[in-house]
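Worksheet: one structure, shown below.
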Amino acid sequence: QVQFVESGGGLVQPGGSLRLSCVASGNIFRIYAMGWYRQAPGKQRELVAGIGSGGSTSYADSVKGRFTISRDNGKNTVYLQMNSLKPEDTAVYYCNRAFTSLLSWGQGTQVTVSS
């Protein structure tokens, strides 16, 4: 059973930056396409960034040019560098597999963008 542990969230002012991390248990992480998702209050969870097993990336239009997803297969970790944060980026952020069936969700990490 793969488990995801997200960290790195917090309170940041508009225009600020945060780097999220997600560590996955198990030894087949490297073959997964991975993604970062977010869920804002009253809204559905959405995929904001994905990275393939080979490193190809894709982004939602709302974060393109501001967020960067990366991965370190040796550490079973996927990262999300978030720059130029906006209040509308406020949400709980989760990682999970991308572009395929989802696994159990972790607890997520709260990102709040506010002055």
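Mind checking which lysines have their C-alpha under 22 Å from residue 86, skipping anything on the same chain fewer than 8 residues away?
43, 64
Would you work out what percent of the accessible area of the chain, with all protein chains in place, is carbon or sulfur (probe 1.4 Å)? Don't skip to the answer; put the middle values down first.
Values: 2810 of 5870 Å².
After summing per-atom areas, the C and S share lands at 48 percent.
Can you give the net charge of the other residues whose Cβ lies under 13 Å from the Cβ of residue 85, counting K and R as +1 and D and E as -1? Mind showing how you got there, number by number?
Working: positive: 19, 38, 66, 86; negative: 88, 89.
For residues surrounding residue 85, the net value is +2.
Students sometimes get this wrong: rank 85, 11, 47 by accessible area, probe 1.4 Å, all chains present, largest first. Mind dumping the intermediate values first?
Working: 85 5, 11 135, 47 60 Å².
Largest accessible area first, the list is 11, 47, 85.
Sort 4, 99 by heavy-atom solvent-accessible area, probe 1.4 angstrom, most to least. Write out the running numbers ahead of the final one.
Values: 4 10, 99 135 Å².
Ranked from most to least accessible, the order is 99, 4.
Trypsin sites (Lys or Arg not before Pro), restricted to the range 43-77: which are DSSP loop and have at most 10 other Cβ atoms within 10 Å?
On the way: sites: 43, 45, 64, 66, 71, 75; in loops: 43, 45, 64, 66.
Hits after loop and neighbour filter: 43.
What accessible area, in Å² to the nearest ten, does a 1.4 Å probe give for residue 105?
Spelled out: residue 105, probe radius 1.4 Å, area about 90 Å².
Using only the heavy atoms of the protein chains and a 1.4 Å probe, how would 6, 88, 46 rank by accessible area, largest first? Provide the component values of the computation, followed by the final result.
Numbers: 6 10, 88 125, 46 75 Å².
Reading off the accessible areas and sorting them downward yields 88, 46, 6.
Could you tell me which of 111, 90, 100 has its Cα farthest along the dipole of the range 54-115 towards the positive end, charges placed at Cβ (Lys, Arg +1; Asp, Glu -1), taken about the Cα centre?
100
If I take every Cα pair under 8 Å that is 6 or more residues apart in the chain, average their sequence separation and divide by the length, what percent do I get for the relative contact order? All intermediate terms of the calculation are to be shown ahead of the outcome.
Working: 273 pairs, mean separation 42.4, N = 115.
Contact order relative to length: 37 percent.
Residue 46 to residue 11: FRET efficiency via 1/(1 + (r/R0)^6), r the Cβ-Cβ distance, R0 22 Å, to the nearest 0.05? Intermediate results must be reported in sequence, preceding the final value.
Details: r = 21 Å, r/R0 = 0.98.
With a Förster radius of 22 Å, E is 0.55.
With all protein chains present, calculate the accessible area of residue 72 using a 1.4 Å probe and round the result to the nearest 10 Å².
About 50 Å², ignoring ligands and nucleic acids.
Can you pull the one-decimal nm distance between simple spin-label points at residue 110 and residue 84, each 7 Å off the Cα toward Cβ?
According to this spin-label approximation, the distance is 2.8 nm.
Give me the accessible area per residue for the chain, probe 1.4 Å, as a whole number in Å². Kindly include the intermediate steps, with their values, before the conclusion.
On the way: 5870 Å² over 115 residues.
Normalised by residue count, the accessible surface of the chain is 51 Å².
When every alpha-carbon pair in the range 32-106 is counted, what percent end up more than 17 Å apart? Provide the component values of the computation, followed by the final result.
Values: 1133 of 2775 pairs.
The answer is 41 percent, as a whole percent.
The values are calculated or read from the model by the stated rules, or taken from the named source; none is laboratory data. Every value quoted in this text rests on a predicted model; they were computed, and no experiment measured them. Every residue, glycine among them, receives a Cβ derived from its backbone with ideal geometry; neighbour counts consider all protein chains shown. For accessibility, only protein heavy atoms count, side chains too; no ligands or nucleic acids. Shrake-Rupley method; radii C 1.70, N 1.55, O 1.52, S 1.80 Å.
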